[in-house]
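What follows is calculated from the coordinates using simple rules that are stated; it is not laboratory data. Keep in mind it's a predicted model, so treat the numbers as computed, not measured. Cβ placement follows ideal geometry from the backbone for every residue including glycine, while neighbour counts extend to all protein chains displayed.
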Amino acid sequence: MIFFVLAACQQAPVVPPAAEPLDVSWIATVVREPSRFSSTLEQNGGRDAWIAFHKNDWLNVHGTVAGSVPERRSRAELAAFEGVLWVAESEALLTLADGWKAHSPDTPAPKWLLASAQRVAELNRDAPAADRWRAAAAAAGVGFDAESAKPFAVDQADGAAADVLRGLSGVPLEDELLGRFWDPTRPLALQRAYRSGAADEPAGVGLPADLFGTLPESVMGERPSTDDVEACRTFSQAMDARLDAFDARLAGGASADGRALLSDLRLVAVGRSRTLTSLALDALLNRRGNCALFYAEQALDHAASREVSPVNSPTVFALIAAANVRTGHVREALDALTALRATYPETIGVIETIGDLAVQQGLDRSGVSREN
Amino acid sequence: MIRFCFCLSGLAALAMIGSASASQLRYAEDQAPATVNPLFTTSMAETRVNELLFGALYADDHTLASAPQLAESGELSTDRLHMTVRLREDLNWQDGSPFTAKDVVFTVKAMKDPATASTEAGRAAFISDVREISDHSVQFDFVRPELRPEDRLTFKILPAAAFPTLPVKRTDGFRLAPIGTGPWSLVKFNDDNSVSFAANPGFHGMDGRDDVGIAQITMKEVADKNYQAKLLLYESIDALVRVLPRDLAMLQSNRKVELYPYQTNSWWYAGFNMDRAPFNDPKVRQALTEMLDVPDMLAPIGTGDLITGPYVPSSPFYNHDTKPFPHDPDAAAALLTAAGYQRGADGWSKGGRKLTVTVSAHRALESGQEVTINLQSQLQAQGVDVVIDFLDEAQWRQQVWKDRNYDVVLSQWTFDRNEDIREQFYSGGRRNLTDLKDPEVDRLLDAARDAADPISRKAALRQAHQRIHDDMPMVFLWTLDSYAALSTAVRGVTVHPFSFFAWAPEWRMQ
């Protein structure tokens, strides 16, 4: 889609006076200056890379011009995505290990689970269950020496490229001592690999740095600092009202090319989704799981909720999963990850861990079924 | 002309529905509940009404952990075979009479009484006996040791005094004047098939939350699913419990509506009556399966995932190694030939009898008519005669559930997050409409039920998935995107993933 739209971007820019932060956002720039948009793409990695970046197809951007703005931004996005998967994985695994004795008192926990929990608790000391697990493991004399940590990807990732790590992610780990299991540290290893390959400086400045990204911070106003979903909902609705007015204003004053870009590339929906994703990530990392879930679900294009798209980034799905795990809605976390299973093999291990936790929590329950 | 008539009828319908009071929530169902008695619940619409009216000893808190609702506390014996539950003493039934241990004992005995034929009997199967210890204390005995029986004591409790004696009958007057301990009470069944509920002033909720934010609830029957979304947009209703996938984009773009993911453990199937020839022949079942182009059947009704067995793809129990039967008309023809059928000018026949399949579907099954007609078209194009039988609620209950009189049923199962398929596939299960009897499936389901850890249960049920797929009791079709939609005028909304109204007492109208 972007290719066809760009081909028509030759008219002179239309520049009305800026009235508020949204009017100087990347969305306004693209719509009011289509030719600048077009040249920006050409001069910063090329159209193919940006087409993939717009679609949130980061793995394919990653394979384009190394060091280009979209390539570096994709690495940053992939690192953030893996970081969210790691939150989901680590918290689910520690909760699974922590709850094992209560749910399965007559069955010893598998060695792989004990070893994994020990290593994960060391790597994610902020996880809500990490302290509980460490205390319980110490009290029970459960633990593994450093040798047992060797199989984990995160301990072997020195210098390994993300592509190599990802290639290994679709199969369980085989270990002589621990057996066959899904290595819980793969998302963390991938996150580190993407980060280590990123340049220290920001990925571009100006339009290339902002394009298809979040809205200006000042658009959002003061965000709620508590985990009150109603406050987050009010905040989100106010943001939507401003965006709707901006969308209408922008379309009304745009050239034909500008309007085509606005509509065909779904620029406002993309900016809205990126912003809500950022809010969800911030909430997740600051122990506000309910708001994280709310923002992430708001970010999702529900009409195409089973696929990655310009609006639905992989991080949105990962955030929905992580926030559901955080809020105790473990089975619901699995729905979100299904969309990623085929493209991101490292999610298979995360799905297995969360699935084990969901089954554990239902071990003592009677199921209910209904027609329709 | 047709469009003009539609608009007129639409406006008339809007006028009939009328406006809402400030603290009234109006929600739409495809069909009004046939029965308001938790002992006989079969549909999701009934489940939602039960949630408004009734309480349970334990219920999900917001983290989906079991928390006392009608119970005050529970004490499990050291051998885990007995549990004493102390009941709350501050609770009354909606008619003002006190809630006591007699009610709990009566409910369990009613569920377990074979003469009651409760559809919920399976939920009490783990209880071997129950008795009253005092007015507000009951003791449960269990069939086998239970680790967390509060996770199972989640069925709705009925008032003993409302029933003259056991067994309870589906036709008892209670279904028209139900009394519960829940946040709302039933006021009236209205002439237009709507049902009115009013907040229960004596309600005592979990964690000391005793107030009910919405004074009135009205359940509207809106049989035309295509029309429900429009009613929400026109603010003639405030909530849709299930949004058609094709309406999602329209509702999402409206700022007066908010979408909520709502239970996705639902899947469609076309089930064979394996107790009846020729569907007791696996070759015939496989042939009919391979004649169907399932993606082509799904396309007109929305986005969803195809399935190969009795779970949705996101389930921990879904076996991703199970391969779907291909759409292969040639292979299907070979299978029918091997089963003794011959293809003539007017289709397949055996011994002079045409291969005819009657497909039964509930009239209220959303998109059911489109799917059934597509299925008919596909099979008839390949020489199989297909008769369609759309059944109303009474016919469905009699013909499908009671008499088991059908060739193929097209329907949908919805599960809570435990995804327990035992009733559907265990030999003799109450919901085993296909009459599957496979000792290996039974063994795997027993192993899953008895599993002491999640890894073992997951492994057993993934094997069961493969085995059931191979048995072909049904053509496993798809799972659809599942959302509820509520007006943004409803605040404080959190939707329970299965029960919908479980946390509704906290909702408010703006």
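Of note:
- The phi torsions of segment B:353-363, fed into the Karplus equation with coefficients 6.51, -1.76 and 1.60 and a -60° offset, translate into couplings of 9, 5, 6, 10, 10, 9, 9, 9, 9, 6, 4 Hz, rounded to whole numbers, with Gly and Pro shown as x.
- Paramagnetic reach from B:Gln399 (point 7 Å along Cα→Cβ, amide N under 20 Å) across segment B:264-281: B:269-280
- Segment B:266-480: Cα Rg divided by the 2.2 N^0.38 Å rule of thumb: 1.00
- The separation of segment B:388-432 from segment A:22-85, counted between C-alpha centres, amounts to 51 Å.
- Put simply, the protein assembly as shown fits an ellipsoid with semi-axes of 44, 34, 32 Å; these come from the alpha carbon gyration tensor as the roots of five times its eigenvalues, largest first.
- For peptides B:386-395, A:65-74, B:310-319, sequence by mean Cβ density within 10 Å, most packed first: B:310-319, A:65-74, B:386-395
- A full extension of the chain between B:Glu72 and B:Ala459 corresponds to an added length of 135.6 nm, given 0.36 nm per residue minus the alpha carbon distance.
- Per residue of peptide B:447-454, the mean number of Cβ atoms on other chains within 10 Å of the residue Cβ is 5.
- Neighbouring Cβ atoms from other chains, within 10 Å of the Cβ of residues in B:409-421, number 5 on average.
- Helix A:229-253 and the longest principal axis of the C-alpha atoms of chain A enclose an angle of approximately 30°.
- Within chain B, helix-based [θ] at 222 nm, where runs of 4 or more DSSP H residues each add -39,500 (n - 2.57), nearest 500: -7500 deg cm²/dmol
- Spatial offset of segment B:24-79 relative to segment A:168-190 amounts to 41 Å, using the alpha carbon center of each.
- Shape metrics for segment B:283-407, restricted to C-alpha atoms - Rg then Dmax, Å: 16.1, 47
- Label point 7 Å beyond Cα of B:Thr494 along Cβ direction - residues of segment B:174-210 with amide nitrogen under 18 Å: B:183, B:205-210
- FRET efficiency for A:Lys111 and B:Ala338, using Cβ-Cβ distance with R0 set to 56 Å, rounded to 0.05: 0.65
- Among B:Lys156, B:Lys256, the ranking by other beta carbons within 10 Å of each residue's beta carbon, starting with the fewest, stands as B:Lys256, B:Lys156.
- Spherically averaged projected area of segment B:58-162 from its Cα convex hull (nm²): 7.0 nm²
- Separation of the A:Ser39 and A:Asp240 label points, Cα + 7 Å toward Cβ, nm: 3.9 nm
- Stokes-Einstein, applied to the Kirkwood radius of segment B:323-397 over Cα pairs at a viscosity of 1.002 mPa s and 20 °C, places its translational diffusion at 155 µm² s⁻¹.
- With R₀ set to 30 Å, the beta-carbon distance separating A:Lys101 from B:Arg209 gives a calculated FRET efficiency near 0.40.
- Taking a Cβ cut-off of under 11 Å around A:Asp183, the surrounding Lys, Arg, Asp and Glu residues balance to a net charge of -3, with basic ones at +1 and acidic ones at -1.
- Relative contact order for segment B:266-480: 36 percent, from Cα pairs under 8 Å spaced at least 6 residues apart, divided by residue count.
- Per-peptide packing, taken as the mean over residues of other Cβ atoms within 10 Å, places B:366-377, A:268-279 in the sequence A:268-279, B:366-377 from highest down.
- Report note on the peptides A:312-323, B:110-121: ranked by the mean count of other C-beta atoms within 10 Å, highest first, their order is A:312-323, B:110-121.
- For A:95-106, mean number of other protein chain Cβ atoms within 10 Å: 2
- Along principal axes, Cα extents of chain A, largest first, whole Å: 74, 45, 40
- Cα centroid of segment B:136-202 to Cα centroid of segment A:326-372, whole Å: 31 Å
- Extended-chain gain in nm, criterion 0.36 nm per residue less alpha-carbon gap, B:Gln510 and B:Lys102: 142.8 nm
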